[in-house]
């Protein structure tokens, strides 16, 4: 019996320990969806992933940044029209969805998927109604 448990652990461990997503896996999972992300139990932001690696990001303040993403090794890097410095992340699948770690500052809290939707990101702007 002990050998059966040991054998199961040998074969199951690689399946349970999922590594970082490849750019192809990331694109297939995100394209056509809008993700809301949280960090440390609080809302953090949302990103819409479109065709041609186009993205739209918001810190949930009504203002959106347009940009693109590209692969750099195992990193997924984002460049936004108003923020040209690359923001690079690793992404992996967790039990509840995406988990992202900021490569530029890995000591920061991870972001995690709170919601995945096919609805576009709402970008009315911060000055609506003013």
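With neighbours defined as other Cβ atoms within 10 Å of a residue's Cβ, the residues 78, 102 order from fewest to most as 102, 78.
Ranked for footprinting exposure by Cβ neighbours inside 10 Å, fewest first, 29, 37 give 29, 37.
Ranked by how many other Cβ atoms sit within 10 Å of their own Cβ, fewest first, the residues 27, 61 fall in the order 61, 27.
FYI, it's all coordinate maths here, none of it is from the lab. None of the values given here were measured: they were computed from a predicted structure. All Cβ positions, even for glycine, are placed from backbone atoms using ideal geometry, and neighbour counts span all protein chains on display.
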